[in-house]
Amino acid sequence: MLTQLATTQVRTACDISLTHHSHQDLKPTLFAPVTFFITSLLALSSLTAVAADKVDIIPVTVEAVKETAFDDTVKEVGKINAIDSAVLNFSASEKISAIHFNHGDKVKKGQIIAELDNVKAKADLDKAKSTLALAKTKLERIEDLLIKEPFALAKQDVDELRENVNLADADFRQKQAVMNDYLIKAPFDGQLTSFSQSIGSQIGAATALVTLYSLHPVEVRYAISQHDFGKAKKGQEVDVTVEAYGDKIFTGVVNYVAPAVDINSGRVDIHATLENPEFKLAPGMFANIKQYYSRGIKRLLVPQNSIIANNAERFVWLVRGDSAVKQVVKLAQNTNDGYAVVIEGLAVGDLVVKTGMQNIKSDSQIKVVQDKNFKDSQPASKAESASKPKDEPIPASKADSKAGSHSKSTAEANANSVTEEAE
(Lines give C-alpha, C1' and ligand atoms only; values in the text may rest on other atoms or scores of the structure.)
Protein backbone atom coordinates (compact mmCIF):
# COMPACT_ATOMS: atom_id res chain seq x y z
CA MET A 1 0.00 0.00 0.00
CA LEU A 2 2.76 2.42 0.93
CA THR A 3 4.74 1.54 -2.21
CA GLN A 4 1.75 2.15 -4.46
CA LEU A 5 1.06 5.57 -2.84
CA ALA A 6 4.68 6.74 -3.22
CA THR A 7 4.82 5.68 -6.88
CA THR A 8 1.64 7.61 -7.63
CA GLN A 9 3.04 10.74 -5.99
CA VAL A 10 6.25 10.56 -8.08
CA ARG A 11 4.36 10.21 -11.33
CA THR A 12 2.11 13.17 -10.48
CA ALA A 13 5.07 15.38 -9.61
CA CYS A 14 6.83 14.60 -12.91
CA ASP A 15 3.72 15.37 -14.93
CA ILE A 16 3.24 18.76 -13.21
CA SER A 17 6.88 19.75 -13.75
CA LEU A 18 6.87 18.88 -17.44
CA THR A 19 3.58 20.71 -18.03
CA HIS A 20 4.82 23.83 -16.24
CA HIS A 21 7.88 24.07 -18.49
CA SER A 22 6.30 22.99 -21.78
CA HIS A 23 6.53 26.49 -23.39
CA GLN A 24 9.88 27.38 -21.93
CA ASP A 25 13.36 26.29 -22.60
CA LEU A 26 13.52 22.69 -21.38
CA LYS A 27 17.23 22.41 -21.20
CA PRO A 28 17.78 24.39 -17.97
CA THR A 29 14.90 22.61 -16.28
CA LEU A 30 15.47 19.12 -17.67
CA PHE A 31 17.01 17.80 -14.48
CA ALA A 32 14.38 19.23 -12.10
CA PRO A 33 11.89 16.33 -12.38
CA VAL A 34 14.75 13.79 -12.36
CA THR A 35 16.01 15.21 -9.10
CA PHE A 36 12.55 15.11 -7.65
CA PHE A 37 12.13 11.51 -8.87
CA ILE A 38 15.34 10.40 -7.15
CA THR A 39 14.27 12.09 -3.96
CA SER A 40 10.92 10.31 -4.12
CA LEU A 41 12.62 6.96 -4.63
CA LEU A 42 14.67 7.50 -1.51
CA ALA A 43 11.45 8.31 0.38
CA LEU A 44 9.88 5.17 -1.05
CA SER A 45 12.78 3.06 0.19
CA SER A 46 12.34 4.53 3.67
CA LEU A 47 8.62 3.77 3.64
CA THR A 48 9.28 0.20 2.49
CA ALA A 49 11.77 -0.31 5.30
CA VAL A 50 9.24 1.00 7.81
CA ALA A 51 6.66 -1.40 6.38
CA ALA A 52 9.10 -4.31 6.72
CA ASP A 53 9.74 -3.36 10.34
CA LYS A 54 6.00 -3.62 10.98
CA VAL A 55 5.67 -7.33 9.90
CA ASP A 56 3.19 -9.10 12.22
CA ILE A 57 4.78 -11.21 14.95
CA ILE A 58 2.52 -14.12 15.89
CA PRO A 59 2.18 -14.89 19.62
CA VAL A 60 2.31 -18.63 20.39
CA THR A 61 2.58 -20.97 23.34
CA VAL A 62 4.92 -23.94 23.19
CA GLU A 63 5.59 -27.24 24.88
CA ALA A 64 8.63 -29.48 24.92
CA VAL A 65 8.49 -32.97 23.46
CA LYS A 66 8.87 -35.44 26.31
CA GLU A 67 9.69 -39.13 26.64
CA THR A 68 7.43 -41.48 28.57
CA ALA A 69 7.50 -45.21 29.26
CA PHE A 70 4.50 -47.10 27.91
CA ASP A 71 3.10 -50.59 28.39
CA ASP A 72 1.97 -52.52 25.32
CA THR A 73 -1.41 -53.85 26.43
CA VAL A 74 -4.71 -55.13 25.13
CA LYS A 75 -8.11 -54.81 26.81
CA GLU A 76 -10.77 -57.45 26.40
CA VAL A 77 -13.89 -58.79 28.11
CA GLY A 78 -14.05 -62.38 29.30
CA LYS A 79 -15.61 -64.69 31.84
CA ILE A 80 -14.42 -66.32 35.06
CA ASN A 81 -14.34 -70.12 35.03
CA ALA A 82 -13.39 -72.76 37.53
CA ILE A 83 -10.22 -74.61 36.61
CA ASP A 84 -11.64 -77.78 38.15
CA SER A 85 -15.35 -78.54 38.37
CA ALA A 86 -17.26 -81.79 38.76
CA VAL A 87 -20.90 -82.81 38.60
CA LEU A 88 -21.30 -85.24 41.49
CA ASN A 89 -23.67 -88.22 41.33
CA PHE A 90 -24.10 -91.72 42.73
CA SER A 91 -23.28 -94.83 40.74
CA ALA A 92 -26.20 -96.75 42.20
CA SER A 93 -29.97 -96.25 42.33
CA GLU A 94 -31.44 -96.00 45.84
CA LYS A 95 -32.91 -93.58 48.35
CA ILE A 96 -30.69 -90.82 49.78
CA SER A 97 -30.01 -91.64 53.41
CA ALA A 98 -27.69 -88.76 54.36
CA ILE A 99 -26.42 -85.39 53.10
CA HIS A 100 -23.52 -84.11 55.22
CA PHE A 101 -23.24 -80.55 53.88
CA ASN A 102 -25.48 -77.60 53.12
CA HIS A 103 -25.90 -75.65 49.92
CA GLY A 104 -22.74 -73.67 49.07
CA ASP A 105 -20.51 -75.25 51.72
CA LYS A 106 -16.78 -75.61 51.22
CA VAL A 107 -15.40 -79.14 51.35
CA LYS A 108 -12.02 -80.83 51.44
CA LYS A 109 -10.82 -83.60 49.18
CA GLY A 110 -12.00 -87.06 50.37
CA GLN A 111 -14.85 -85.85 52.58
CA ILE A 112 -18.14 -87.76 52.24
CA ILE A 113 -20.79 -85.41 50.89
CA ALA A 114 -23.84 -87.70 50.67
CA GLU A 115 -24.88 -91.39 51.13
CA LEU A 116 -27.51 -93.75 49.77
CA ASP A 117 -29.39 -96.42 51.70
CA ASN A 118 -26.89 -99.29 51.47
CA VAL A 119 -28.52 -101.97 53.63
CA LYS A 120 -28.73 -104.55 50.84
CA ALA A 121 -25.25 -103.74 49.57
CA LYS A 122 -23.85 -104.01 53.08
CA ALA A 123 -25.52 -107.41 53.53
CA ASP A 124 -23.93 -108.62 50.30
CA LEU A 125 -20.58 -107.35 51.54
CA ASP A 126 -20.97 -109.16 54.85
CA LYS A 127 -21.87 -112.37 53.02
CA ALA A 128 -18.82 -112.08 50.80
CA LYS A 129 -16.67 -111.42 53.84
CA SER A 130 -17.95 -114.60 55.54
CA THR A 131 -17.42 -116.70 52.41
CA LEU A 132 -13.84 -115.46 52.18
CA ALA A 133 -13.19 -116.24 55.83
CA LEU A 134 -14.58 -119.78 55.46
CA ALA A 135 -12.49 -120.47 52.36
CA LYS A 136 -9.33 -119.30 54.14
CA THR A 137 -10.09 -121.54 57.17
CA LYS A 138 -10.51 -124.64 55.00
CA LEU A 139 -7.24 -123.98 53.21
CA GLU A 140 -5.37 -123.44 56.48
CA ARG A 141 -6.62 -126.81 57.86
CA ILE A 142 -5.55 -128.71 54.78
CA GLU A 143 -2.13 -127.05 54.81
CA ASP A 144 -1.67 -128.03 58.47
CA LEU A 145 -2.66 -131.62 57.63
CA LEU A 146 -0.25 -131.79 54.73
CA ILE A 147 2.57 -130.79 57.03
CA LYS A 148 1.89 -133.89 59.10
CA GLU A 149 0.82 -136.17 56.28
CA PRO A 150 2.25 -134.92 52.94
CA PHE A 151 0.21 -137.40 50.87
CA ALA A 152 -3.06 -137.10 52.74
CA LEU A 153 -4.70 -135.10 49.90
CA ALA A 154 -4.17 -134.95 46.20
CA LYS A 155 -2.42 -131.88 44.81
CA GLN A 156 -5.42 -131.12 42.59
CA ASP A 157 -7.72 -130.87 45.59
CA VAL A 158 -5.30 -128.55 47.37
CA ASP A 159 -5.11 -126.27 44.32
CA GLU A 160 -8.90 -126.17 44.18
CA LEU A 161 -9.09 -124.99 47.79
CA ARG A 162 -6.58 -122.24 47.10
CA GLU A 163 -8.56 -121.12 44.06
CA ASN A 164 -11.71 -120.93 46.17
CA VAL A 165 -9.93 -118.55 48.52
CA ASN A 166 -8.91 -116.34 45.61
CA LEU A 167 -12.45 -116.28 44.22
CA ALA A 168 -13.91 -115.40 47.62
CA ASP A 169 -11.37 -112.63 48.05
CA ALA A 170 -12.20 -111.18 44.64
CA ASP A 171 -15.92 -111.27 45.41
CA PHE A 172 -15.33 -109.52 48.73
CA ARG A 173 -13.30 -106.75 47.10
CA GLN A 174 -15.99 -106.32 44.48
CA LYS A 175 -18.66 -105.92 47.17
CA GLN A 176 -16.43 -103.37 48.89
CA ALA A 177 -16.16 -101.39 45.68
CA VAL A 178 -19.94 -101.49 45.25
CA MET A 179 -20.26 -99.83 48.64
CA ASN A 180 -18.51 -96.79 47.20
CA ASP A 181 -21.31 -96.49 44.64
CA TYR A 182 -23.56 -95.53 47.55
CA LEU A 183 -21.29 -92.66 48.56
CA ILE A 184 -20.29 -89.29 47.05
CA LYS A 185 -16.81 -88.10 48.07
CA ALA A 186 -15.19 -84.77 47.22
CA PRO A 187 -12.61 -85.33 44.45
CA PHE A 188 -10.80 -82.05 45.32
CA ASP A 189 -11.07 -79.03 47.59
CA GLY A 190 -13.85 -76.72 46.51
CA GLN A 191 -17.28 -75.23 47.04
CA LEU A 192 -20.61 -76.95 46.50
CA THR A 193 -23.57 -75.55 44.61
CA SER A 194 -27.13 -76.32 45.72
CA PHE A 195 -28.33 -79.92 46.05
CA SER A 196 -30.93 -81.06 43.53
CA GLN A 197 -32.40 -83.73 45.86
CA SER A 198 -33.03 -84.08 49.58
CA ILE A 199 -32.81 -86.93 52.08
CA GLY A 200 -35.33 -89.70 51.37
CA SER A 201 -35.51 -88.97 47.64
CA GLN A 202 -35.11 -91.85 45.24
CA ILE A 203 -32.29 -91.01 42.89
CA GLY A 204 -31.10 -92.86 39.84
CA ALA A 205 -27.56 -93.73 38.93
CA ALA A 206 -25.76 -90.91 37.07
CA THR A 207 -28.38 -88.33 38.16
CA ALA A 208 -26.63 -85.12 39.23
CA LEU A 209 -26.98 -84.33 42.91
CA VAL A 210 -24.66 -81.34 43.27
CA THR A 211 -21.76 -79.60 41.48
CA LEU A 212 -18.38 -78.96 43.07
CA TYR A 213 -16.18 -76.06 41.93
CA SER A 214 -12.52 -75.52 42.68
CA LEU A 215 -12.25 -71.75 43.28
CA HIS A 216 -8.60 -71.33 44.19
CA PRO A 217 -7.19 -70.66 41.72
CA VAL A 218 -9.73 -69.77 39.04
CA GLU A 219 -9.34 -69.08 35.36
CA VAL A 220 -10.44 -66.20 33.13
CA ARG A 221 -11.11 -66.98 29.49
CA TYR A 222 -11.28 -64.44 26.68
CA ALA A 223 -10.17 -63.90 23.08
CA ILE A 224 -7.85 -61.42 21.38
CA SER A 225 -7.60 -60.21 17.81
CA GLN A 226 -5.57 -62.36 15.45
CA HIS A 227 -3.58 -59.16 14.77
CA ASP A 228 -1.98 -59.71 18.22
CA PHE A 229 -1.45 -63.44 17.78
CA GLY A 230 2.34 -63.05 17.71
CA LYS A 231 2.40 -60.88 20.86
CA ALA A 232 0.53 -63.16 23.26
CA LYS A 233 2.74 -65.56 25.24
CA LYS A 234 2.32 -67.87 28.20
CA GLY A 235 3.51 -66.27 31.41
CA GLN A 236 2.39 -62.72 30.53
CA GLU A 237 0.68 -60.76 33.29
CA VAL A 238 -3.00 -59.85 33.29
CA ASP A 239 -5.04 -57.46 35.44
CA VAL A 240 -8.70 -58.34 35.98
CA THR A 241 -11.59 -56.37 37.42
CA VAL A 242 -15.17 -57.49 37.97
CA GLU A 243 -18.28 -55.44 38.60
CA ALA A 244 -18.83 -56.91 42.06
CA TYR A 245 -15.62 -55.36 43.46
CA GLY A 246 -15.34 -52.10 41.53
CA ASP A 247 -11.75 -51.08 40.81
CA LYS A 248 -10.12 -53.88 42.83
CA ILE A 249 -7.52 -55.55 40.60
CA PHE A 250 -6.96 -59.31 40.58
CA THR A 251 -3.64 -60.25 39.00
CA GLY A 252 -2.99 -63.39 37.04
CA VAL A 253 -0.77 -65.10 34.51
CA VAL A 254 -1.54 -66.36 31.01
CA ASN A 255 -1.42 -70.16 31.03
CA TYR A 256 -2.85 -70.93 27.59
CA VAL A 257 -2.63 -69.34 24.14
CA ALA A 258 -4.59 -71.16 21.46
CA PRO A 259 -2.30 -72.57 18.77
CA ALA A 260 -4.73 -71.54 16.02
CA VAL A 261 -7.26 -68.82 15.19
CA ASP A 262 -10.86 -69.81 15.82
CA ILE A 263 -12.43 -70.56 12.45
CA ASN A 264 -15.80 -69.04 13.41
CA SER A 265 -14.85 -65.90 15.35
CA GLY A 266 -11.48 -65.18 13.74
CA ARG A 267 -10.00 -64.59 17.20
CA VAL A 268 -7.45 -66.30 19.45
CA ASP A 269 -8.54 -67.92 22.73
CA ILE A 270 -6.58 -67.01 25.86
CA HIS A 271 -6.76 -68.47 29.39
CA ALA A 272 -5.17 -66.90 32.45
CA THR A 273 -4.92 -68.23 36.01
CA LEU A 274 -5.98 -65.99 38.90
CA GLU A 275 -5.27 -66.55 42.58
CA ASN A 276 -8.54 -66.56 44.54
CA PRO A 277 -7.79 -67.48 48.18
CA GLU A 278 -10.85 -65.65 49.52
CA PHE A 279 -13.19 -67.13 46.90
CA LYS A 280 -14.24 -63.66 45.74
CA LEU A 281 -14.21 -64.60 42.08
CA ALA A 282 -17.03 -66.90 41.09
CA PRO A 283 -17.49 -68.91 37.89
CA GLY A 284 -19.71 -67.11 35.39
CA MET A 285 -18.65 -63.58 36.36
CA PHE A 286 -17.95 -61.22 33.47
CA ALA A 287 -14.47 -59.73 33.71
CA ASN A 288 -12.55 -56.80 32.22
CA ILE A 289 -9.05 -57.96 31.31
CA LYS A 290 -5.89 -56.03 30.56
CA GLN A 291 -3.11 -58.23 29.20
CA TYR A 292 0.45 -56.88 29.18
CA TYR A 293 2.41 -57.85 26.07
CA SER A 294 5.45 -55.82 27.20
CA ARG A 295 6.35 -53.07 29.68
CA GLY A 296 8.51 -49.92 29.80
CA ILE A 297 8.55 -49.09 26.07
CA LYS A 298 9.97 -45.57 25.58
CA ARG A 299 7.85 -43.27 23.42
CA LEU A 300 7.82 -39.53 22.61
CA LEU A 301 4.72 -37.49 23.39
CA VAL A 302 3.48 -34.31 21.72
CA PRO A 303 0.29 -32.34 22.53
CA GLN A 304 -2.57 -33.44 20.32
CA ASN A 305 -3.59 -29.87 19.52
CA SER A 306 -0.07 -29.20 18.17
CA ILE A 307 -0.64 -31.67 15.34
CA ILE A 308 -1.93 -30.32 12.03
CA ALA A 309 -3.46 -32.58 9.38
CA ASN A 310 -3.00 -31.98 5.68
CA ASN A 311 -4.69 -34.87 3.90
CA ALA A 312 -2.59 -37.90 4.88
CA GLU A 313 0.27 -35.72 6.13
CA ARG A 314 0.69 -34.82 9.80
CA PHE A 315 3.04 -32.07 10.92
CA VAL A 316 3.89 -29.68 13.77
CA TRP A 317 5.57 -26.27 13.95
CA LEU A 318 8.97 -26.39 15.64
CA VAL A 319 10.43 -23.30 17.32
CA ARG A 320 13.74 -22.20 15.80
CA GLY A 321 14.84 -18.86 17.28
CA ASP A 322 12.10 -16.37 16.42
CA SER A 323 10.74 -18.50 13.58
CA ALA A 324 8.60 -21.61 13.25
CA VAL A 325 9.71 -24.51 11.07
CA LYS A 326 7.31 -27.08 9.65
CA GLN A 327 8.20 -30.64 10.71
CA VAL A 328 6.42 -33.69 9.31
CA VAL A 329 5.84 -36.41 11.92
CA LYS A 330 4.69 -40.00 12.03
CA LEU A 331 2.21 -40.81 14.78
CA ALA A 332 1.18 -43.92 16.65
CA GLN A 333 -1.81 -43.96 19.00
CA ASN A 334 -3.40 -41.23 21.13
CA THR A 335 -3.03 -41.49 24.89
CA ASN A 336 -6.57 -40.23 25.60
CA ASP A 337 -5.21 -37.50 27.88
CA GLY A 338 -4.40 -34.82 25.33
CA TYR A 339 -1.19 -36.28 23.89
CA ALA A 340 -0.20 -38.40 20.91
CA VAL A 341 2.71 -40.80 20.51
CA VAL A 342 5.29 -39.75 17.91
CA ILE A 343 7.53 -42.39 16.37
CA GLU A 344 9.32 -40.28 13.75
CA GLY A 345 10.25 -36.64 13.18
CA LEU A 346 10.94 -35.27 16.67
CA ALA A 347 13.46 -35.57 19.49
CA VAL A 348 13.22 -35.15 23.25
CA GLY A 349 13.22 -31.46 24.19
CA ASP A 350 12.08 -30.11 20.80
CA LEU A 351 9.75 -27.13 21.31
CA VAL A 352 6.52 -27.43 19.37
CA VAL A 353 3.90 -24.72 18.99
CA LYS A 354 0.90 -25.56 21.12
CA THR A 355 -1.46 -22.66 20.40
CA GLY A 356 -1.44 -19.94 17.72
CA MET A 357 -0.32 -22.22 14.90
CA GLN A 358 -3.41 -21.40 12.79
CA ASN A 359 -1.79 -18.07 11.77
CA ILE A 360 1.71 -19.42 11.08
CA LYS A 361 3.22 -19.62 7.60
CA SER A 362 6.64 -20.73 6.47
CA ASP A 363 8.04 -17.17 6.68
CA SER A 364 6.21 -16.11 9.87
CA GLN A 365 7.96 -14.65 12.86
CA ILE A 366 6.75 -15.80 16.26
CA LYS A 367 6.96 -14.70 19.85
CA VAL A 368 6.62 -17.28 22.63
CA VAL A 369 3.98 -16.13 25.10
CA GLN A 370 4.22 -17.85 28.44
CA ASP A 371 0.95 -19.20 29.71
CA LYS A 372 0.51 -19.81 33.43
CA ASN A 373 1.72 -23.39 33.30
CA PHE A 374 4.79 -22.36 31.31
CA LYS A 375 5.70 -19.54 33.74
CA ASP A 376 5.31 -21.81 36.74
CA SER A 377 7.86 -24.18 35.26
CA GLN A 378 10.58 -21.49 34.89
CA PRO A 379 13.12 -21.04 37.74
CA ALA A 380 13.21 -17.51 39.17
CA SER A 381 16.50 -15.68 39.63
CA LYS A 382 17.88 -15.18 43.13
CA ALA A 383 17.23 -11.40 42.96
CA GLU A 384 13.63 -11.94 41.92
CA SER A 385 13.14 -14.59 44.58
CA ALA A 386 14.43 -12.22 47.24
CA SER A 387 12.54 -9.10 46.13
CA LYS A 388 9.20 -10.52 44.91
CA PRO A 389 6.38 -12.04 46.92
CA LYS A 390 5.95 -15.70 46.00
CA ASP A 391 2.61 -15.23 44.21
CA GLU A 392 3.35 -11.86 42.56
CA PRO A 393 2.77 -12.02 38.75
CA ILE A 394 5.71 -11.35 36.45
CA PRO A 395 5.42 -8.03 34.51
CA ALA A 396 4.59 -8.37 30.82
CA SER A 397 7.94 -6.95 29.69
CA LYS A 398 9.91 -9.49 31.68
CA ALA A 399 7.60 -12.29 30.58
CA ASP A 400 8.23 -11.37 26.93
CA SER A 401 11.97 -11.20 27.58
CA LYS A 402 12.02 -14.64 29.14
CA ALA A 403 9.85 -16.00 26.33
CA GLY A 404 12.30 -14.73 23.70
CA SER A 405 15.22 -16.20 25.59
CA HIS A 406 13.40 -19.51 25.86
CA SER A 407 12.71 -19.69 22.13
CA LYS A 408 16.37 -19.04 21.29
CA SER A 409 17.83 -21.80 23.40
CA THR A 410 16.86 -25.44 22.98
CA ALA A 411 19.11 -26.34 25.91
CA GLU A 412 17.04 -24.11 28.17
CA ALA A 413 13.91 -25.71 26.80
CA ASN A 414 15.21 -29.14 27.81
CA ALA A 415 16.10 -27.93 31.28
CA ASN A 416 12.86 -26.03 31.84
CA SER A 417 10.27 -28.50 30.59
CA VAL A 418 6.77 -27.26 30.08
CA THR A 419 3.87 -28.73 32.01
CA GLU A 420 1.82 -31.48 30.53
CA GLU A 421 -1.55 -29.75 30.27
CA ALA A 422 -2.32 -27.35 27.41
CA GLU A 423 -3.97 -24.14 28.57
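The values are calculated or read from the model by the stated rules, or taken from the named source; none is laboratory data. Fair warning: this is a prediction, and the values are worked out from it, not measured in the lab. Cβ placement follows ideal geometry from the backbone for every residue including glycine, while neighbour counts extend to all protein chains displayed. Just so you know, the surface numbers come from the protein's heavy atoms only, side chains and all, with ligands and any DNA or RNA stripped out. Shrake-Rupley method; radii C 1.70, N 1.55, O 1.52, S 1.80 Å.
Of the listed residues 163, 143, the order by accessible area with a 1.4 Å probe, largest first, is 163, 143.
Loop-located trypsin sites (Lys or Arg not before Pro) in region 292-378 (DSSP state not H, G, I, E or B) with no more than 16 neighbouring Cβ atoms inside 10 Å: 361. Across all C-alpha atoms in region 300-377, the radius of gyration and Dmax reach 12.5, 37 Å. Listed cross-link partners 127/185; 326/367; 95/127; 234/280; 79/185 are compared with a 20 Å cut-off, the Cα-Cα value being larger for 127/185; 95/127; 234/280; 79/185.
Shown are 224, 112, 57, whose ranking by accessible area with a 1.4 Å probe and every protein chain present, most to least, is 57, 112, 224.
Across region 81-91, computed HN-Hα scalar couplings (Karplus, 6.51 cos²θ - 1.76 cosθ + 1.60, θ = phi - 60°) run 9, 7, 5, 10, 8, 8, 8, 9, 8, 7, 9 Hz from first to last residue, x flagging Gly and Pro. Of the chymotrypsin sites (Phe, Trp or Tyr not before Pro) found in region 122-208, those in coil by DSSP whose Cβ has at most 16 other Cβ atoms within 10 Å are 151, 188. Per-residue 3J(HN,Hα) values for region 60-65, derived from phi via the Karplus relation 6.51 cos²θ - 1.76 cosθ + 1.60 with θ = phi - 60°, read 9, 10, 10, 8, 7, 5 Hz in sequence order (x marks Gly and Pro).
Distances between placed amide hydrogens fall under 5 Å for residue 285 paired with 80, all partners being 5 or more residues away or on another chain. Exposure check, 1.4 Å probe, all protein chains in place: residue 346 carries approximately 30 Å² of accessible surface.
Summing Lys and Arg as +1 and Asp and Glu as -1 over all other residues whose Cβ lies under 11 Å from the Cβ of residue 75 gives a net charge of -1. May I ask for the net charge around residue 122, where only other residues with Cβ less than 11 Å from the Cβ of residue 122 are counted and Lys, Arg are +1 while Asp, Glu are -1? Charge balance near residue 122 sits at +1. Work out the length of the dipole vector of region 274-327 about its Cα centre, built from +1 on the beta-carbon of each Lys and Arg and -1 on the beta-carbon of each Asp and Glu, and round it to the nearest 20 debye. Its charge dipole is roughly 200 debye.
Under 10 °C and 1.306 mPa s, how fast does region 82-232 diffuse according to Stokes-Einstein, given a Kirkwood radius computed over C-alpha pairs? Answer in µm²/s, whole number. Rounded, D is 82 µm²/s. Restriction of the trypsin sites (Lys or Arg not before Pro) in region 211-272 to DSSP coil positions whose beta-carbon has at most 13 other beta-carbons within 10 angstrom yields 233, 234, 248. Given the options 256, 205, 276, identify the residue whose Cα lies farthest towards the positive end of the charge dipole of region 196-303 (+1 on Cβ of Lys, Arg; -1 on Cβ of Asp, Glu). Positive-most Cα among the choices belongs to 256. Scanning residues 5 or more positions from residue 70 or on other chains, those with amide H under 5 Å from its amide H are 296, 297, 298, 299, with H placed 1.01 Å from N in the peptide plane. Our coupling estimate for region 118-127, obtained by passing each phi through the Karplus curve with A = 6.51, B = -1.76, C = 1.60 and θ = phi - 60°, is 10, 4, 5, 5, 5, 5, 4, 5, 5, 5 Hz, Gly and Pro reported as x. Computed over protein heavy atoms with a 1.4 angstrom probe, the accessible surface ordering of 147, 308, largest first, is 147, 308.
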